[in-house]
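Below is one structure, written out as structure tokens; the observations come after it.
Just so it is clear, none of the values below were taken in a lab; they were calculated from the coordinates. Just so you know, these numbers come straight off a predicted model, no measurement behind them. Cβ coordinates were reconstructed from backbone atoms using ideal geometry, including for glycine residues, and neighbour counts include every protein chain displayed.
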Amino acid sequence: MHVTILGGGGFLGRKLAARLAAEGAIGGRALAGLTLFDLAEPPPLAAPFPVTRLAGDVADAAQLAQAIPAGTGVVFHLAAVVSAAAEADFDLGMRVNLQGTLAVIEACRALPTPPRLVFTSSVASFGGGQGAVLADDARQLPANSYGAQKAAAELILQDASRKGFLDAVSIRLPTVIVRPGRPNKAASSFVSAILREPLLGLDTPLPVEEGFAVWVCSPRRAVEWFLHAAAMDTAPLGLDRGINPPGLSVRVGEMLAALTPSERAHVKPAPDPAVQAIVGGWPAAFTAARARALGFSPQEGVAEILAAFREDDLAATRAERGL
Ligand SMILES: NC(=O)c1ccc[n+]([C@@H]2O[C@H](COP(=O)([O-])OP(=O)(O)OC[C@H]3O[C@@H](n4cnc5c(N)ncnc54)[C@H](O)[C@@H]3O)[C@@H](O)[C@H]2O)c1
């Protein structure tokens with residue numbers, strides 16, 4: 001089976017690719033090849049199967065056709081313009097997050113056998129805000145363009161699944177922490193920065209109150225969910241292809257409590273109304289009962305998330321930033 005990761009050079013795409021290289025199979029089906037596709041050519045990956053690295057635009061049909069060849073059994077569609085960037089540039093967000101997904105559907109439709117399509121949607125496709133604990137049938141009412149584009153893409157993927165063009169599972173990811181590297185343009189960038197930057201010995205602003213709650217997961221857990229979504233029996237999903245995975249609802253103060261006092265001193269309160277306006281609209285908790293019943297594993301606590309970051313990414317982040 002061939003596997004393609006769109007957005008394969010990004011944070012989660014690289015983690016997923018590394019995991020596939022280590023395991024060589026998804027749900028017992030061996031990989032015959034892997035294509036990593038991103039705006040810039042993804043970095044080399046040592047794997048027990050051929051790896052093709054392609055630079056291209058997910059909204060370009062001809063480039064996508066190369067990235068999703070006949071024999072593709074699973075497509076992971078992670079390519080996206082993230083939250084604050086999609087809010088700042090409406091046209092770019094529409095082109096990549098919505099039209100890009102439409103192009104992915106067409107590319108899958110052209111294959112002789114409909115592939116499994118794992119799509120990364122987002123908690124940002126919901127409204128509700130801090131007080132909300134969303135049930136599995138909660139309505140998606142996004143309060144930003146990124147969330148609206150993700151919700152719209154989900155709906156079309158659901159119909160494409162019904163039509164038999166592909167077999168979609170859309171995972172509405174929580175905010176993934178701890179993101180390695182540098183702060184990015186996601187409105188939720190601070191959620192990782194308040195743990196990562198202090199471990200690097202760097203100051204970082206805290207744009208929200210310590211009582212602010214967020215729905216999070218670790219990169220390790222996100223990759224587990226992708227693999228489960230790629231291998232699971234989709235018959236029990238019926239028409240509803242959207243999954244609210246079992247993340248962790250945690251307050252900023254609880255996250256800071258996992259740091260030592262000297263690390264914590266690097267986190268400097270700096271209220272930011274623009275960030276608050278975006279992340280304040282996202283729900284801070286989900287019941288996630290359906291995902292649990294479907295076999296999606298629950299997120300462990302902040303201590304484990306921090307330990308995983310130290311183990312997987314701290315040294316590489318230090319090196320990348322010349323620290
Ligand atoms: N990281 C999170 O906290 C989080 C939370 C919710 C949802 N998600 C979703 O998960 C997915 C992966 O997120 P990530 O954190 O790895 O983001 P990322 O920005 O690191 O990776 C996304 C990749 O998509 C690529 N991309 C952007 N435009 C493209 C285009 N036109 N053509 C091809 N590739 C393009 C980018 O270059 C990037 O490498 C995204 O779909 C994101 O919306 C992430």
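Relative to the current alpha-carbon distance between residue 293 and residue 270, full extension at 0.36 nm per residue lengthens the span by 4.2 nm. Along the chain, counting only trypsin sites (Lys or Arg not before Pro) with a DSSP assignment other than H, G, I, E or B and at most 11 other Cβ atoms inside a 10 Å radius, the longest segment between sites is 164-323.
Working note: Karplus 6.51/-1.76/1.60 with θ = phi - 60° gives segment 106-119 the couplings 5, 5, 5, 5, 6, 6, x, 10, x, x, 6, 10, 9, 10 Hz, where Gly and Pro are set to x. Select from 293, 168, 151 the residue whose mean-square fluctuation is largest in a Gaussian network model of the chain (Cα-Cα springs shorter than 10 Å). Result for the chain, Cα springs under 10 Å: 293 fluctuates most. Shape call for segment 80-203 from the C-alpha gyration tensor, a ≥ b ≥ c root eigenvalues: rounded (a/c under 1.5), prolate (a/b greater than b/c) or oblate? In terms of gyration-tensor shape, prolate.
Dipole magnitude for segment 131-183: computed about the Cα centre from +1 point charges on Lys and Arg Cβ and -1 point charges on Asp and Glu Cβ, it is near 260 debye.
Here segment 25-157 is treated with +1 on each Lys and Arg Cβ and -1 on each Asp and Glu Cβ, and its dipole about the Cα centre works out to around 400 debye. Annotation: lysines with alpha-carbon distance below 25 angstrom to residue 150 (same-chain offsets under eight excluded): 15, 163, 185. Relative intensity of the chain on a log10 scale, I(q)/I(0) at q = 0.11 Å⁻¹, equals -0.66, per a Debye sum over C-alpha point scatterers of equal strength in the absence of solvent. Dipole of the chain computed with +1 at Lys/Arg Cβ and -1 at Asp/Glu Cβ about the Cα centre; of 145, 234, 281, farthest Cα towards the positive end is 234. Shown is the FRET efficiency for residue 139 and residue 41, computed with R0 = 30 Å from the Cβ-Cβ distance and rounded to the nearest 0.05: 0.15. Note that segment 261-274 has calculated 3J(HN,Hα) couplings of x, 6, 5, 5, 5, 6, 8, 10, x, 8, x, 10, x, 5 Hz, one per residue in order, obtained from phi through the Karplus relation 6.51 cos²θ - 1.76 cosθ + 1.60 (θ = phi - 60°); glycine and proline are x.
Our coupling estimate for segment 80-94, obtained by passing each phi through the Karplus curve with A = 6.51, B = -1.76, C = 1.60 and θ = phi - 60°, is 6, 8, 7, 3, 5, 5, 5, 6, 6, 10, 4, 5, 5, x, 5 Hz, Gly and Pro reported as x. Per-residue Cβ neighbour counts within 10 Å put 278, 194 in the sequence 278, 194, beginning with the fewest. Which FRET efficiency value, to the nearest 0.05, do you get for residue 155 and residue 184 by plugging their Cβ-Cβ distance into 1/(1 + (r/R0)^6) with R0 = 30 Å? The pair residue 155/residue 184 has a calculated efficiency of 0.65. Straight-line cross-link partners of residue 268 among the aspartates and glutamates, defined as a Cα under 19 Å from its Cα and at least 8 positions apart when in the same chain: 197, 203, 209, 210, 254. Considering only 238, 128, 301, the mean-square fluctuation computed in a Gaussian network model of the chain, springs between alpha carbons under 10 angstrom, is largest for 238.
Stretching residue 277 away from residue 60 to a fully extended chain increases their span by 74.8 nm, per 0.36 nm per residue minus the current alpha-carbon distance.
Is segment 151-273 best put as rounded, prolate or oblate by its Cα gyration tensor, with a ≥ b ≥ c the root eigenvalues, rounded for a/c under 1.5, and otherwise prolate when a/b is larger than b/c, oblate when not? Since a/c reaches 1.5 and a/b is larger than b/c, the shape of segment 151-273 is classed as prolate.
Going from the residue with the fewest nearby Cβ atoms within 10 Å to the one with the most, 137, 57 rank 137, 57.
Less than 5 angstrom separates the built amide H of residue 285 from those of 134, all sequence-distant by 5 or more or on a different chain.
Take every Cα pair under 8 Å whose residues are at least 6 apart in sequence, average their separation, divide by the length of the chain, and the relative contact order is 18 percent. Near the amide H of residue 176, within less than 5 Å, lie the amide hydrogens of 217, all on another chain or at least 5 residues away, with H placed in the peptide plane. Local charge for residue 92 was computed over the other residues whose Cβ lies under 15 Å away, with Lys and Arg +1 and Asp and Glu -1, and equals -2. Answer rounded, prolate or oblate for segment 250-323, using the Cα gyration tensor with square roots of eigenvalues a ≥ b ≥ c: rounded when a/c is under 1.5, else prolate when a/b is larger than b/c, else oblate. Since a/c reaches 1.5 but b/c is at least a/b, the shape of segment 250-323 is classed as oblate. Amide H contacts of residue 52 (H built 1.01 Å from N, in plane; Pro and chain starts excluded): 34, 35, 36 sit under 5 Å, all sequence-distant by 5 or more or on other chains.
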